[in-house]
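What follows is a single structure, written as structure tokens, with notes after it.
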Amino acid sequence: MTAPPFDGSEYRRTVLTPLRTVAPAGIDDVFWLGHVPREIDDEALIAARLKSAKAFLHKERSRPRQADVAAAVLREWPRVEGVLADPAARGALRARLGNAAPGAAAVGAGATGTAAAADAPAAGLDPAARRRRQVATALGELARLREEPELAEDLFAFLGLPVTSTEQMLRARVEKVGEVNRRRRPDRERSLVDELLMHSRELLVDGDPAAYRAALAADAAGVAGPLAPPAAADPVAPPVQAPEQPEPVPEVLQVELPNAADAPGSPDGASAESGPPRIDYTRRRPPGAARPPVVPPAAEAPPTESSSSPAEGAPAVVALAATRDPGGALRLTWTWPPGVTEVFVVVGEPVDPESAVSPSRKFTNTKYGLDGGAVLDGVSPGTNLTVLSGRRDASGRLSWSSPAHAPATIAP
Amino acid sequence: MSRSGSVLGIDLGTTYSCIAQVDRYGRPEVISNMDGDATTPSVVHFQGDDAVVGKLAKRSSRIDPDHVAQLVKRQMGDPDWRFQAGGRDWSAPGVSSLILGSLARDAERATGLPVKDVVITVPAYFGNEERKATKLAGELAGLNVIDLINEPTAAAYAYGFGLAAAAEGTGADETVLVYDLGGGTFDITIIELRGNDIRVVATDGDHELGGANWDAELAALLSERFLMAVPSGSDPFDDVYSEADLMTQAEELKASLSQRERADALVTSGTERASVTLTREEFEIVTRPLLERTIELTRRALASARELGSPRIDRCLLVGGSSKMPAVARRLTEEFGFAPQLADPDLAVCKGAALYGHKKLLERLVSDATAKGVDLRQALADAAGEHGMTSDAVKQVVDKRVVNVVSRGFGVLAKQDDVLTTVFLVHRNDPVPIEVDEVFYTMVDDQTHVRVQVVEQGGAEESPDPADATVLVRGEISDLPPGYPEGTELRVRMSMGGDGILTVTAHHAGRKQPLTMTVDTTSALSGEELAAEAEAVSLLKKKL
């Protein structure tokens, strides 16, 4: 059997475009991702096809509209090649997919929310609406890059603040995000955050957040937004009043988690205990006197991305502690081990992070740094919390430690 | 050096590159390529076993986009990036080497002289990996890369040269802000010109921000207008050929709108076409976020310069092809009150590199002669005679000093409060040469090994998180004798010379000799890949 030659434009239209709204990590149909016709079973043909697709994806990384989607698909490439190069795995997948249309999961998902707004035809938009589209495009790309779909919602989600935030809160957060971002390596994510900060400053801090929200709502309803540029905003319109927010004074609960340092995979020594250690709240130990910097012994692994080990080797967070904020939210703090950039807090029984539902949350080290911890709403006393650490390999693929290796379970 | 007087300067740009030499009157001169153009598109078209560089390659992007490599400079330092063409994978240094080789051959054809020794320019904000990749590209092209020079410094060098020539002396003392908006990168640098010294005070930038971003926004606008005009048409971005054509149209339209208030472009998609008219105002509205990012970076660089004792800017120089957009000068005036001056924006960097190469050459001639016992006055006279200059002119060039700053901090990884942390010894904007000592302590009694990992700051600000840094050098003191308690000192010394070479020594009382560091080159190309790439470049060079 033969297959038509690889067509980059067709791949772009049929695969990359739908993937602007659906993460490739969740796509089971790797025939579709690899652009390999499902009926082909010739090893050489499949290998050649995958090579062409991969080469095309590398080129797409340099092109304006598809760069981030192409990078996301490339992160999935080991999985795509792994299944398609294995006749048994290929056969099993073929049987599982049955008669479903190629890429049905992605194509059927359709465009949703802000991502759809970013992709919608923009003909005839006024400058303000075009500006919102630029924001939506950047938000969508950042959400795909970080694998945090909720970021695509709006600039408030990007800043991690409620829509009722005051100008002061918005300004402080923009400054803080900017400060953290400037520590990052110069990469696409840093550029996107810089761009979104600029929009946040003009549309929210110096502009009119209520008008921004109203225009987004109008966009979503399919009505062209009447938002004027920030400079032209009505100067006499009353500012949006956010609810009075008292200065947060954290209530210290039973916090000390003594076993955390012995958790499996922790940098300072591995415990042979199986399963997550159960930890009871105690009072937070006052921080000890600062020690002078010391040189790590040779046995310690370097913390660079390139040295990241697979999921099982991801070290657990240490010095895990919890407090209750005045508003009732639970605030978790911990020390980030080398290489770990994201942490997933599972509320309830340990589950697969990819399938966990709210209020389980993923926290990046950036978000954590901005909020001064991991803030969870709606966690009632007695609930088990499992903290899973995750890190990315050299290709950027995120791997989670398994629940069996979670560092701690909190039973308030 | 292969021949005195043959150190050429190369501006290896994201979108365009050029090569220059210093003429027999000591003036910088750009060497035109085979098409008679001063600049060559940094584009490579692979055709089977063959490759074409420059204008023809750029044209080919519209008919064979899958085999055309562009904007490769943005991938320098990324060890994973590969461009597949001609049955093999090309790294960013490999593709760049073809561009450098093409420039060198054009210069050889134009001058009739072999080109071997070169100075190549890099964005000030390039880190160690990107600089290494650039040097590697030169070596793969068969060139002897004498030095790399930061692009804004090169521009200031060229500007300072012109100033000195006009004043028939050393020129006036000035603090200059160089706003360098190139095809793919943005650098902002504050430089003091004081007598014979060119001192970089502060630098900042973004190497994901350049003219190509303006082109992309313009292309999106053109696509929208096309779909308005042809509702039944398909989005040009959906088709690789239409997209390539659209990007070319966008670049040309940007150039037109820099000179006119309104311009047209012919947009095609499949069999459909439409003429689209855009105004400069529309263009400036959609690209304003990009411009504002450069303004923010300028603001930060000015703040750094103020902190470092340079509060006043006497002159604002605009460098880089994209700085010709009228909105750039207007916005800089609005925000900072500058009167920006376009300073030979397309060629200043290349000319500065040639002047700097010439300086290195004369320095070498004079220092070699004096090392052999020749009197300095005689050495200057000999060098002057060889280059058709006066002794005073040679002395002036040799005396000129370029004082650079560190564009990113350097430090070591150490445990602080039980958390592995980056401790910075050398900080961004520290002037070079620099030498810094810091004491660290062992963690346990009788510690047998000590590992020292030297890192480079990843972002614009220092971060204690090791994940934000890049490991440059790894070293280890092993088999330490017992008897040294926890808290035994480890003295780390970090020094960087004007040549940008970082040296790190670490001394533990249990060892007489300090630690000998080994440079980690794993993030460049592996030995095997390097050999394969060198062979492929060599094969292509014979055909080009």
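The values are calculated or read from the model by the stated rules, or taken from the named source; none is laboratory data. None of the values given here were measured: they were computed from a predicted structure. Ideal geometry is used to build each Cβ from the backbone, glycine not excepted, and the neighbour counts take in all protein chains shown.
Could you grab me the full set of residues in region B:434-458 that are buried (at least 21 other Cβ atoms within 10 Å of the Cβ) and in a loop (DSSP other than H, G, I, E, B)?
Those that are buried (at least 21 other Cβ atoms within 10 Å of the Cβ) and in a loop (DSSP other than H, G, I, E, B): B:Thr442, B:Gln447, B:Gly458.
Can you tell me how many residues within region B:216-247 are of a type outside the set (A, V, I, L, M) and touching a Lys or Arg at 6+ places or on another chain (Cβ under 6 Å)? Spell out how you get there, then give the answer.
Here is the first cut: in region B:216-247, the residues of a type outside the set (A, V, I, L, M) are B:217, B:223-226, B:231-239, B:241-243, B:245.
If we keep only those that are touching a Lys or Arg at 6+ places or on another chain (Cβ under 6 Å) too, we end up with B:237-238, B:245.
Counting residues in region B:216-247 that are of a type outside the set (A, V, I, L, M) and touching a Lys or Arg at 6+ places or on another chain (Cβ under 6 Å) gives 3.
Among the residues of region B:410-422, which ones are crowded, with 18+ Cβ neighbours inside 10 Å and within 11 Å of another protein chain (Cβ to nearest Cβ)?
Passing the criteria: B:Gly411, B:Val412, B:Leu413, B:Ala414, B:Lys415, B:Leu420, B:Thr421, B:Thr422.
Kindly list the number of the only condition in (1) outside any helix (DSSP H, G or I); (2) modelled with pLDDT under 80 that fails for A:Ala100.
It is condition (2) that A:Ala100 fails.
Please work out which one of (1) of a type outside the set (A, V, I, L, M); (2) more than 14 Å from chain A (Cβ to nearest Cβ); (3) touching a residue at least 12 places away in the same chain (Cβ under 8 Å) is the condition B:Glu307 fails and give its number.
It fails just one condition, (3).
For residues in region B:461-478 being part of a strand (DSSP E or B) and crowded, with 19+ Cβ neighbours inside 10 Å, which is nearest to the other protein chains (Cβ to nearest Cβ)? Don't jump to the end; show me each part of the working.
If we filter region B:461-478 for residues that are part of a strand (DSSP E or B), which is where we start, we get B:469-477.
This time we only want the ones that are crowded, with 19+ Cβ neighbours inside 10 Å, so: B:469-473, B:475, B:477.
Working: B:Ala469: 8, B:Thr470: 7, B:Val471: 5, B:Leu472: 11, B:Val473: 12, B:Gly475: 11, B:Ile477: 9 Å.
So the residue we want is B:Val471.
Which one of these is in the same structural domain as B:Glu151 (by TED's automatic domain parsing), of a type in the set (Lys, Arg) and in contact (Cβ under 8 Å) with a residue 12 or more places away in the chain: B:Lys372, B:Lys359? Steps first, please.
Values: B:Lys372 fails: in contact (Cβ under 8 Å) with a residue 12 or more places away in the chain.
Every option except B:Lys359 fails the conditions.
Tell me the strands (runs of 3 or more DSSP E) entirely within region B:392-433 that contain at least 3 residues that are within 20 Å of B:Arg493 (Cβ to Cβ). Before the answer, list the steps.
On the way: elements: B:401-403, B:410-416, B:419-426.
Answer list for region B:392-433: B:410-416, B:419-426.
For region B:7-75, give me every one of the strands (runs of 3 or more DSSP E) that falls completely inside it and has 1 or more residues that are among the hydroxyl-bearing types (Ser, Thr, Tyr), under 13 Å from B:Ile99 (Cα atoms) and more than 14 Å from chain A (Cβ to nearest Cβ).
On the way: elements: B:8-12, B:16-22, B:28-30, B:44-47, B:50-53.
Strands (runs of 3 or more DSSP E) meeting the threshold: B:16-22.
Test each condition in (1) facing another protein chain (nearest Cβ under 8 Å); (2) of a type in the set (Asp, Glu); (3) out of contact with any helix residue (DSSP H, G or I) (no Cβ under 9 Å at 6 or more places or on another chain) for B:Asp206 and report the one that comes out false.
(3)
Quick one: B:Pro326 ticks every box in (1) surrounded by fewer than 18 Cβ atoms within 10 Å (Cβ to Cβ); (2) free of Cβ contacts under 8 Å to residues at least 60 places away in the same chain except a single one, so which number is it?
Tallying (1) surrounded by fewer than 18 Cβ atoms within 10 Å (Cβ to Cβ); (2) free of Cβ contacts under 8 Å to residues at least 60 places away in the same chain, B:Pro326 fails exactly one: (2).
Among the numbered criteria (1) of a type in the set (A, V, I, L, M); (2) at pLDDT 90 or above; (3) surrounded by fewer than 24 Cβ atoms within 10 Å (Cβ to Cβ), which single criterion is violated by B:Val43?
(3)
Being at pLDDT 95 or above, closer than 18 Å to B:Gly205 by Cα, within 25 Å of the chain's Cα centre (by Cα) and assigned to a helix (DSSP H, G or I) is the requirement here; does B:Leu332 meet it? Spell out how you get there, then give the answer.
Numbers: at pLDDT 95 or above: yes; closer than 18 Å to B:Gly205 by Cα: yes; within 25 Å of the chain's Cα centre (by Cα): yes; assigned to a helix (DSSP H, G or I): yes.
In short, yes.
With respect to B:Gly101, determine if the residue is part of a helix (DSSP H, G or I) and touching a Phe, Trp or Tyr at 6+ places or on another chain (Cβ under 9 Å). Explain how you work it out, then say what you get.
Details: part of a helix (DSSP H, G or I): yes; touching a Phe, Trp or Tyr at 6+ places or on another chain (Cβ under 9 Å): no.
It is false that B:Gly101 is part of a helix (DSSP H, G or I) and touching a Phe, Trp or Tyr at 6+ places or on another chain (Cβ under 9 Å).
Restricting to region B:218-241, and then to whatever is more than 8 Å from chain A (Cβ to nearest Cβ) and part of a helix (DSSP H, G or I), can you tell me which residue is surrounded by the fewest Cβ atoms within 10 Å (Cβ to Cβ)? Talk me through it step by step, then tell me what you get.
Start the filter on region B:218-241 by keeping residues that are more than 8 Å from chain A (Cβ to nearest Cβ), which leaves B:218, B:221-223, B:226, B:229-236.
Checking the rest, the ones that are also part of a helix (DSSP H, G or I) come to B:218, B:221-223, B:226, B:229, B:236.
Working: B:Leu218: 25, B:Leu221: 22, B:Leu222: 22, B:Ser223: 26, B:Phe226: 26, B:Ala229: 15, B:Pro236: 24.
Here the residue is B:Ala229.
Which condition number in (1) farther than 21 Å from B:Asp445 by Cβ; (2) among the basic types (Lys, Arg); (3) assigned to a strand (DSSP E or B) is the one that B:Arg491 fails?
For B:Arg491, the exception is condition (1).
Identify all residues within region B:174-205 that are modelled with pLDDT under 85, touching a strand residue (DSSP E or B) at 6+ places or on another chain (Cβ under 8 Å) and not in a strand (DSSP E or B); write none if there are none.
B:Asn196
Which one is farthest from the other protein chains (Cβ to nearest Cβ) among residues in region A:21-63 that are free of Cβ contacts under 8 Å to residues at least 40 places away in the same chain and not in a helix (DSSP H, G or I)?
A:Glu39
Among (1) at the interface with chain A (Cβ under 7 Å from one of its Cβ atoms); (2) over 24 Å from A:Thr364 (Cβ atoms); (3) not charged (D, E, K, R), where does B:Gly458 come up short?
The single condition B:Gly458 does not satisfy is (2).
Hey, can you tell me all the residues within region B:454-480 that are of a type in the set (A, V, I, L, M, F, W, C) and at pLDDT 80 or above?
Start the filter on region B:454-480 by keeping residues that are of a type in the set (A, V, I, L, M, F, W, C), which leaves B:454-455, B:460, B:467, B:469, B:471-473, B:477, B:480.
Result: B:Val454, B:Val455, B:Ala467, B:Ala469, B:Val471, B:Leu472, B:Ile477, B:Leu480.
The conditions are (1) within 30 Å of B:Glu282 (Cβ to Cβ); (2) surrounded by 24 or more Cβ atoms within 10 Å (Cβ to Cβ); (3) out of contact with any Lys or Arg (no Cβ under 7 Å at 6 or more places or on another chain), and B:Val200 fails exactly one of them. Which is it?
The one condition B:Val200 does not meet is (1).
Conditions: (1) farther than 28 Å from B:Ala329 by Cα; (2) within 27 Å of the chain's Cα centre (by Cα); (3) more than 14 Å from chain A (Cβ to nearest Cβ). B:Leu266 meets all but one. Number of the miss?
Condition (2) is where B:Leu266 drops out.
Filter region B:335-366 down to residues that are assigned to a loop (DSSP other than H, G, I, E, B) and touching a helix residue (DSSP H, G or I) at 6+ places or on another chain (Cβ under 9 Å) and give me whichever is nearest to B:Ile146 (Cα to Cα). Give the derivation first.
In the first step, residues of region B:335-366 are kept if they are assigned to a loop (DSSP other than H, G, I, E, B); the result is B:337-340, B:343-347.
Remaining after also requiring touching a helix residue (DSSP H, G or I) at 6+ places or on another chain (Cβ under 9 Å): B:338-340, B:343-347.
Values: B:Phe338: 36, B:Ala339: 36, B:Pro340: 33, B:Ala343: 26, B:Asp344: 25, B:Pro345: 24, B:Asp346: 23, B:Leu347: 20 Å.
Filtering first and then ranking leaves B:Leu347.
May I ask you to list the residues in region B:274-286 that are in contact with a strand residue (DSSP E or B) (Cβ under 6 Å, 6 or more places away or on another chain) and surrounded by fewer than 17 Cβ atoms within 10 Å (Cβ to Cβ)? Step through it out loud before you land on a result.
To start, the set of residues in region B:274-286 that are in contact with a strand residue (DSSP E or B) (Cβ under 6 Å, 6 or more places away or on another chain) comprises B:274-277, B:279.
Across region B:274-286, the qualifying residues are B:Ser275, B:Thr277, B:Thr279.
Looking only at region B:76-101, filter to residues that are hydroxyl-bearing (Ser, Thr, Tyr) and farther than 22 Å from B:Gly211 by Cα; which one of those is nearest to the other protein chains (Cβ to nearest Cβ)? Step through it out loud before you land on a result.
Of the residues in region B:76-101, the ones hydroxyl-bearing (Ser, Thr, Tyr) are B:91, B:96-97.
Adding the requirement that they be farther than 22 Å from B:Gly211 by Cα leaves B:91, B:97.
Values: B:Ser91: 12, B:Ser97: 18 Å.
For region B:76-101, the residue satisfying everything is B:Ser91.
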